[in-house]
Amino acid sequence: MSSASLFSVAGKIAVVTGASSGLGQGAASLLAAHGARVVAIARRADALAAWSEQTPGETAILAADLSDRSCLDDVAAQAAKPFGAPDILINAAGINTRRPADEMTNADWDVTQNLNVAAPFFLAKSMVPGMREKGWGRIINFASLQSRRAFANGISYGASKGAVEQMTRAMAETWSTDGITANALAPGFFHTELTAPVFADPDLAARNAAQTCIGRNGQVRDMDGPMMFLCSAASDYVTGQIVFVDGGYTAK
């Protein structure tokens, strides 16, 4: 297999959640640019439409609130309509309520677990049969530094991302014999809508950059290589793994 085909996603059908901004949108744009047919899912229909208009390639959009667990089966069915059963599922949608443990509400806890943990699982569960028929599939979840480390005001988010790490291993154990791999990317500090409160404090952003081995915070393009690896044949024998894309933050 040539190096070009090894990392190819041309002709693959990809579903990307959280695609209206940030790392989710970066993943959707990356795959579309490399020949995948991409279904982009997020809550904000206007942002999705703007992205689709500006993105070359075959794209479709689907507006949905993935924190509503009752809609997930229907979302999976709708996502298969534009191009067929997906080959690749990227679960990038997420929320961080940033609330102290003593002030945590039932609603904040539930929306975090529903969007960050339940949605990736139930979407995958609904899409696996189509992947199984093809004998090939890719599930890429989004873990976090908080899968391993505790940050201030992060109890609900950290609990959800710890769950994503273990869920990814369990997905791999369950589905890899069908040719469906499951892995997770764990970003460090990237300037996105989700991390806007962090980057609003220049001193905090600088401290986070200094904590890395590379000496800077992440840029969306830093996710491109790891994402292409996990979405393509290059990672055929890689499953159940958490890949930290954090500039060496967790190495120090």
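In table form, for the structure just shown:
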read-out: Between helix 202-211 and the chain: long-axis angle, C-alpha atoms, 0 to 90°, nearest 10; value: 70
read-out: Whichever lysines have a C-alpha closer than 27 Å to that of residue 125, once near sequence neighbours (fewer than 8 apart) are set aside; value: 12, 81, 134, 161
read-out: The chain, accessible surface, carbon-and-sulfur percent (1.4 angstrom probe); value: 52
read-out: Most mobile of 184, 107, 32 in a GNM of the chain (Cα contacts under 10 Å); value: 107
read-out: Share, in percent, of DSSP beta bridges within region 1-130 that are antiparallel, nearest 5; value: 0
read-out: Viscosity 1.306 mPa s, temperature 10 °C, Stokes-Einstein D of the chain from Kirkwood C-alpha radius, µm²/s; value: 87
read-out: Pairwise Cα inverse-distance average, inverted: Kirkwood Rh of region 23-73 (Å); value: 11.3
read-out: Å² of accessible area per residue within region 1-89, as computed with a 1.4 Å probe and no ligands counted; value: 44
read-out: Mean separation of Cα contacts under 8 Å (6+ apart) over length of region 180-252, as relative contact order %; value: 51
read-out: Ranked packing of 123-131, 63-71, most packed first, by mean Cβ within 10 Å; value: 123-131, 63-71
read-out: Given charges at beta-carbon only (K, R positive; D, E negative), |dipole| of the chain in Debye; value: 420
read-out: Three principal axis lengths of region 141-240 [C-alpha, angstrom, descending]; value: 47, 28, 23
read-out: Average Cα contact separation per residue, the chain, under 8 Å, 6 or more apart, as relative contact order %; value: 19
read-out: Cα lying deepest toward the dipole's positive end in the chain, options 229, 47, 200, charges on Cβ; value: 229
read-out: Cα extents of region 44-179 along the three principal axes, largest first (Å); value: 46, 39, 27
read-out: Environment charge at residue 104 (Cβ cut-off 14 Å; Lys +1, Arg +1, Asp -1, Glu -1); value: -2
read-out: Angle in degrees between helix 22-33 and the longest Cα principal axis of the chain, rounded to the nearest 10; value: 20
read-out: Cα long-axis angle, helix 155-175 against the chain (0 to 90 degrees, to the nearest 10); value: 30
read-out: DSSP-defined antiparallel bridges as percent of all bridges, the chain, nearest 5; value: 0
read-out: Using alpha carbons only: equivalent-ellipsoid semi-axes of region 120-192, gyration tensor based, whole Å; value: 27, 11, 10
read-out: Solvent exposure, largest accessible area first (probe 1.4 Å, DNA, RNA and ligands not counted), of 81, 161; value: 81, 161
read-out: Chymotrypsin sites (Phe, Trp or Tyr not before Pro) lying in DSSP loop within region 161-252, provided at most 16 other Cβ fall within 10 Å; value: 237
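The values are calculated or read from the model by the stated rules, or taken from the named source; none is laboratory data. All values reported here derive from a predicted model rather than from experimental measurement. Methodologically, a virtual Cβ is constructed for each residue, glycine included, from the backbone with ideal geometry; neighbour enumeration extends over all protein chains shown. Surface areas here come from the heavy atoms of the whole protein model, side chains and all, with no ligands, DNA or RNA. Shrake-Rupley method; radii C 1.70, N 1.55, O 1.52, S 1.80 Å.
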